[in-house]
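Let me begin by presenting the structure, written as structure tokens, before commenting on it.
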Amino acid sequence: MGAPRSAAGGLGRGRHPLNAVGPGIVETPMTAELLATPESTAHVDAVVPMPLNGHQGPESIANLLIWLTSAENTHCCGQTIYCDGGSDAVLRGDDIWSWNEAGIRARFAEIQAGLAQ
């Protein structure tokens, strides 16, 4: 997620902090099928581990976005903030640069394959 860093240099100068949010799995109508049963939820949790147990609702992301866009945010600019219960930290492990779009797509393919069984 290099876009926030690249864009922040220009936009941040005018007091427009630019950041990105990595939300992880959020309980919404779009994820309802993934989290519909205890079995499917357990499979999702096995593929995308969350050290902070439980899935978050949209209000978790909304609260972060409210702070990021508030006057209280005076120095957070050009960052990607992962609000995902710790999944990103677990999935990346020690190599923080190895997680990319291909890895994300592979994880979701694993989830879908598990639900199809």
> Residues of segment 41-51 being farther than 17 Å from A106 by Cα and over 13 Å from the mean Cα position of the chain (by Cα), which ones?
Replying inline: T41, A42, P51
> Conditions: (1) small (G, A, S); (2) at pLDDT 80 or above; (3) open to solvent by 30 Å² or more (accessible area, probe 1.4 Å). S6 meets all but one. Number of the miss?
Replying inline: (2)
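What residue, among those in segment 27-36 that are in a loop (DSSP other than H, G, I, E, B) and surrounded by fewer than 17 Cβ atoms within 10 Å (Cβ to Cβ), is farthest from the chain's Cα centre (by Cα)?
Of all residues in segment 27-36, those in a loop (DSSP other than H, G, I, E, B) come to 27-28, 32-36.
Right, trim to surrounded by fewer than 17 Cβ atoms within 10 Å (Cβ to Cβ) and you get 27-28, 32-33, 35-36.
Numbers: E27: 12, T28: 14, A32: 17, E33: 19, L35: 17, A36: 20 Å.
The qualifying residue farthest from the chain's Cα centre (by Cα) is A36.
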>> Tell me the residue from G54, G24, G86 that is closer than 18 Å to G103 by Cβ and open to solvent by 40 Å² or more (accessible area, probe 1.4 Å), please.
In response: G24
>> Looking at (1) modelled with pLDDT of 80 or more; (2) under 19 Å from F108 (Cβ atoms); (3) in a helix (DSSP H, G or I), which one does W67 not meet, given that it meets all the others?
In response: (2)
> Going by the structure shown, is A106 loosely packed, with under 13 Cβ neighbours inside 10 Å, at pLDDT 75 or above, over 18 Å from A3 (Cα atoms) and more than 18 Å from the chain's Cα centre (by Cα)?
Replying inline: no
> All but one of (1) at pLDDT 85 or above; (2) within 13 Å of the chain's Cα centre (by Cα) hold for L91; which doesn't?
Replying inline: (1)
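The values are calculated or read from the model by the stated rules, or taken from the named source; none is laboratory data. The model shown is predicted, which means the values in this text are computed figures rather than measured ones. So basically every Cβ, Gly included, is an ideal-geometry build from the backbone, and we count neighbours across all protein chains shown. Side chains are part of the model used for accessible areas, which takes the heavy atoms of the whole protein and leaves out ligands, DNA and RNA. Shrake-Rupley method; radii C 1.70, N 1.55, O 1.52, S 1.80 Å.
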